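Following: one structure in structure tokens, then a few remarks.
Just so you know, all these numbers are worked out from the coordinates, no wet-lab data involved. Small disclaimer: the values here were computed from a predicted structure and weren't measured. Glycine also receives a Cβ, built like all others from the backbone with ideal geometry; neighbour counts cover every protein chain displayed.
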Amino acid sequence: MQALKFSTQLLSPAACRIALGFDFGRARIGVAVGDTVTGAARPLRTLPARQQRPDWDAIARLIAEWRPDWLVVGVPRHADDTASATTTAALRFSRQLQGRFHLPVATIDERLSSWEAEQRGFETALGHRRSNDPTLDAQAAAIILESWFNHPRSLA
């Protein structure tokens, strides 16, 4: 794999234009891209994990292609706001993203993002929910990214 170089200079939140959002999971990671000018995000793809580890090569290719200013990781928590094993893994993933790619990384609470993706109409033509559909992870990543855009305090 070709080595990628990234600027280690931190951008101010106002300078952010393109962001990649991640819906972290041990089996799959949903990825979305968004633009702060419009505040909109769209699903890109769902990356399968390899032995419960992120596919860093695929993530590097997406970062090289989209050249984001920020990376945003959704961090799941239980309804009572307590952490879970996935919370810890998502936080570790966010630190690894920053360490590998030297881009600013933000985290945001992503509770119910998959449920919201289903509710927004990402259902089959028959109206059945697609909770096992891998594309739902990328759609949840778009919701995570839009939530981040709508909370400017999370940019700091």
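Taken over region 57-93, the criterion of being touching a residue at least 24 places away in the same chain (Cβ under 8 Å), surrounded by fewer than 16 Cβ atoms within 10 Å (Cβ to Cβ) and either under 27 Å from Arg17 (Cβ atoms) or touching a Phe, Trp or Tyr at 6+ places or on another chain (Cβ under 6 Å) (or both) is satisfied by Asp57, Ala64, Trp66, Arg67. Applying the set (1) surrounded by 15 or more Cβ atoms within 10 Å (Cβ to Cβ); (2) in contact with a Lys or Arg (Cβ under 8 Å, 6 or more places away or on another chain); (3) assigned to a loop (DSSP other than H, G, I, E, B) to Thr46 leaves exactly one unmet item: (3).
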